[in-house]
Every structure is written in structure tokens, then in C-alpha cells.
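Working notes, beginning with the structure itself.
The values are calculated or read from the model by the stated rules, or taken from the named source; none is laboratory data. For clarity, every value in this text was computed on a predicted model and none was experimentally measured. Counting neighbours? That spans all protein chains shown, and the Cβs are built from the backbone with ideal geometry, glycine included. Just so you know, the surface numbers come from the protein's heavy atoms only, side chains and all, with ligands and any DNA or RNA stripped out. Shrake-Rupley method; radii C 1.70, N 1.55, O 1.52, S 1.80 Å.
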Amino acid sequence: MFGFFIYTQVANCKVKMVKICCIGAGYVGGPTMAVIALNLLSLSKQLKLLRKSSPTTARIKYQILSNPEFLAEGTAIQDLFNPDRVLIGGRENPEGQKAVQALKNRISSVNAMSALCEATGADVTQVSYAVGKDSRIGPKFLNASVGFGGSCFQKDILNLVYICECNGLPEVAQYWKQVIKINDYQKSRFVNRVVSSMFNTVSNKKIAVLGFAFKKDTGDTRETPAIDVCKGLLGDKARLSIYDPQVTEDQIQRDLTMNKFDWDHPLHLQPMSPTTVKQVSVVWDAYEAVNGAHGLCILTEWDEFKTLDYQRIYDNMQKPAFVFDGRNIIDAEKLREIGFIVYSIGKPLDDWLKDMPAVV
């Protein structure tokens, strides 16, 4: 990320910032530069006072330090003002420390555990809660889902695989490759569960998809698990009706027609007029999406999906009406009381589903 600020002198010798320019870093750059700009003037005054008060300024040695960001899309400003950790690094020296991130490993581990929970009748949320109570592990990122997405997770893991292979560590590289494989397996397993539950085919059946972004509070669809799930359902000739409050129809159609990782190419190399997938319709209302649908898939944990009128949804769906919760955000028991057949990742299976194979 590169950025610079333009200031102008105004009355009473006050300085006013008039423009911020930020190049690169996507959703990270804008919030970061805005917060820096907010505090830059006061920091500059403190540095000037420090220089004036130190007669030995010329003899001070400086080092370039790196302060990597740990911002999450959708909460970047909040993360900057209230970080849960601050990591500052520089060149290695005897006092240096190494920091190891296990975030991706945690997510894949709990997703793998969700498959075992379904097979044994356990509840993955109770398992993750119990594991998270261990102070050495903690509760964060122990929520099972249809899979992780975003532009960083897979890229960072593949970079780690490359570094391991370049340093003659094939066993370690294979370990991290397995994280990617588990994520792909989770998405395939979800598609298989949908198809097998609906009498082993979704051909010409309408499937409502609620959520397309890789997480709530953003319109970012890079590496979203919704792409692979939708492509899997389309492969069995399903008709999809997709609703996401922040993702445009053009972006959804583009994602479903592009090859994997095309989103990482320069814009002029991406297809400018994506071919419309005829079996896909994009709507701007959740109730319109589910009207007349045979099944409903929740693929993004938008808060609004928790408060939908599911009785109304049930009344307007084909029967039997299926709900496949890929984010574990709904109350499955309440929906079963309404009449839905419900599948939630890593939760005890509905009686209807217990006799159904997990794989078609």
C-alpha cells in the first residue's frame, strides 16, 4: 500500500487536509489512510517537539520497522481503533521473536470436525465451544461453515506452501496443502448434501441462494465459497435464484463464468461482458428469491437472514421445503416446527436426512 496526503494552509496558521491518495491494498488502504490522516497532524506536532527537545537528534539511529495490518473486511475502521493485537517487526536480531499464525488451520480443523459431528450425531458448536474454553486455544475462528473465502486466505497458504517447498520441506508443504483440500472438501460436501437430500437430483429444481459475498458486511466475492457451491448445483442443472444485499448481478454473473483466480488478473484481462448463465437469476429481495423454490441455501451470514419471516417463506416454497444452512445462523428446531427439512453444518441431522447418503 502506498499513500500520500495533501494539506493546505488556512486562516490562523491552521492546516487543513484537502485530499488523500491511496494506491493499492484494496479495502485495507482506504480505512488505513483515513485513520492515519485523522491522527497525522497531532503526531507531526509531537515529532517536532521531540526534535526540538533532543540536542542529540543527529546521533539517533533509526530502523525501518514493519507493522502489518490485521484488518477484517467490513470492520476495518473498528479493527484499526481497537486492534486485538499489534505486531511490529524488523530485521532479525538476538532480541527478535517469531510469530506464527494458525488462523487458517483453525478454520479448516473445525470444518473437518463438522463432518465427523454429522456422522456421529454430535453438535459442532458444542464441540468448538468446549475446545475454545481451553485458554491455550481460545474461542475465535472455531465456527464451522460451508468454507472460507476472501482474497487472502488461500493466497497466503499457497505462499506458505511455496516457501516450504523452496526450503526443502515437502512434508510441511503437504501439511499446509491439506488446509486447502479440506476447504474444497467442505464446499463439495455441502453440494453433495443438497443434491442427495433432494432425491438425488436438483435438475430443473429452483434453489434459492441467500448470500454470495464471502462474508457479511462486504460486497467482496473473491474466493467466496458461494461460487463453487453454485457451480456445483448448476452442474446438476439446478435453477438458481440468488440474493445478496451488496453484490451486483453483473458481479455474480462474472464470478460464475470466470475461471478460478481470474479475479486476480488485471481488469483489462477479465471478461468485460460476462456470459449470462441462463439458469441463474439475481433478485433484490430475499422473499422473491425463495418464492416457489424447492430448497434454500444460506451461504453468507448476513444479519438480515436471521430475522426473515420463515413461516412466510415456507408458505411460498414447494413441498417438501428444504433449508441448507451453510453458516449456522438459523434456529433449526424452530424451522423444523414450521415444517422445513433442515440441514445445518456439523449439527445433528434431521430425521429425513439420517437415511440419506452424504454423497450422491
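Give just the number: which of (1) part of a helix (DSSP H, G or I); (2) more than 15 Å from the chain's Cα centre (by Cα); (3) modelled with pLDDT of 90 or more does Asp184 not satisfy?
Just one mismatch for Asp184, condition (2).
Is it the case that some residue within region 294-301 is modelled with pLDDT of 95 or more, in contact with a strand residue (DSSP E or B) (Cβ under 9 Å, 6 or more places away or on another chain) and open to solvent by 80 Å² or more (accessible area, probe 1.4 Å)?
Scanning region 294-301 turns up no residue that is modelled with pLDDT of 95 or more, in contact with a strand residue (DSSP E or B) (Cβ under 9 Å, 6 or more places away or on another chain) and open to solvent by 80 Å² or more (accessible area, probe 1.4 Å).
Within region 188-230, track down each residue that is over 17 Å from Asp244 (Cα atoms), part of a loop (DSSP other than H, G, I, E, B) and open to solvent by less than 10 Å² (accessible area, probe 1.4 Å).
Of everything in region 188-230, those that are over 17 Å from Asp244 (Cα atoms), part of a loop (DSSP other than H, G, I, E, B) and open to solvent by less than 10 Å² (accessible area, probe 1.4 Å) turn out to be Met198, Val202.
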